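The values are calculated or read from the model by the stated rules, or taken from the named source; none is laboratory data. A quick note: this is a predicted structure, and the numbers were derived from the prediction, not measured. Positions of Cβ are generated from backbone atoms using ideal geometry, with glycine treated the same way; all protein chains shown enter the neighbour counts.
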Amino acid sequence: MSENPNSFVESNYQGKYRDRLFKAIFGRNTEQSKRWRLELYNALNNTSYSDPDELEVNTIENIIYIKMHNDVSFLIDSQMNLYEHQSTPNPNMPLRGLFYFAQLYQKQLDKEDKNLLSTQLVKIPNPNFIVFYNGETERPENYKLRLSDAFAVEDKSGNFEWTATVININKNYNKTLQKKCKPLYDYVSYVSRITDNKKNGMSAEDAVNEAVDWACKNNLLEGFIRSQKEEVIAMSMTEYDEEACIRTWRRDGIAEGIQMGAQQKAIEDAIVAVKAFNVTPEIAAEKMNAPLEEVLAGLKA
């Protein structure tokens, strides 16, 4: 059963529940979502699995920081897949993926009662980390981010590596993939409609409402947007409101502490963003490069 739209809106800014549309489509435990998740997997891997129940969903609710929620992760055919959606380029995805999979593997080992102190080699599923990107910054159609890019000292040995594969799902990118996965195509069409509306001068609210009405009329996502209209609007508006607040904040120079490299100033600015602009603590901390735990502590003070 879908979450109550009102409870979604009320809890979203409290950091207790933060579910974007991509996760709502592919990451829930409904029959519809399971079917779409399998369709996405088949499209990515050129496979033809037919039973959605063969997917073992294995999600993480909290990883180190509240912000670090993975979007979709599941096991299939001895492979652990993690799918995450990003609307802003993030070069730190390999490190995030390392944290994600460490938690996922721990959960899997606990479930199977495997002991790393055993004299026998413990087998684990192969990791596969995919990041779906549809932000406004121009990016290639497909590219890889590597953990070694973040090493303080350049190391090309490959001895310690973790890779995130980024797939650009903006309109006119990866058309073959979208053609093979109708739910992904519908999602991209809806998001693109909002983007085009805003480029044509609509306010964020009008852009979202028009896109939702258009999606309902054209039965996108098999009527999911129609049946979950209020929730979809809430998710979409939250996404655009947060980005707009951050852009305005930066433009007005309120966040000059970031450029100065002053961590305390970044923490203070993040707290101001939460209180003044209704930005979530996770988003404020990420955008201001401030430690989330310090931001949360400041909000409680």
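Candidates LYS144, LYS114, LYS156: the one that is farther than 25 Å from SER33 by Cβ and under 18 Å from the mean Cα position of the chain (by Cα) is LYS144. Scan the range 140-157 for residues that are among the polar types (S, T, N, Q) and surrounded by 12 or more Cβ atoms within 10 Å (Cβ to Cβ) and report the count. Residues that pass the stated criteria total 2.
When you scan the range 191-199, do you find a residue that is surrounded by fewer than 18 Cβ atoms within 10 Å (Cβ to Cβ), touching a Lys or Arg at 6+ places or on another chain (Cβ under 7 Å) and polar (S, T, N, Q), even just one? Yes - at least one qualifying residue is present in the range 191-199. Of all the residues in the range 24-62, those that are in a loop (DSSP other than H, G, I, E, B), at pLDDT 90 or above and of a type in the set (D, E, K, R) number 1.
Hey, any hits in the range 145-161 for a residue that's among the acidic types (Asp, Glu), in contact (Cβ under 8 Å) with a residue 24 or more places away in the chain and over 22 Å from LYS23 (Cα atoms)? Yes, the conditions are met somewhere in the range 145-161.
Just name the residue that is surrounded by the fewest Cβ atoms within 10 Å (Cβ to Cβ) out of those in the range 255-284 that are of a type outside the set (A, V, I, L, M) and modelled with pLDDT of 80 or more. The selected residue is THR280.
PRO94 meets all of the listed conditions (1) over 21 Å from SER148 (Cα atoms); (2) modelled with pLDDT of 90 or more; (3) not aromatic (Phe, Trp, Tyr) but one, namely (1). Per the conditions (1) among the small types (Gly, Ala, Ser); (2) in a helix (DSSP H, G or I); (3) in the same structural domain as ALA102 (by TED's automatic domain parsing), the sole criterion not satisfied by SER192 is (3).
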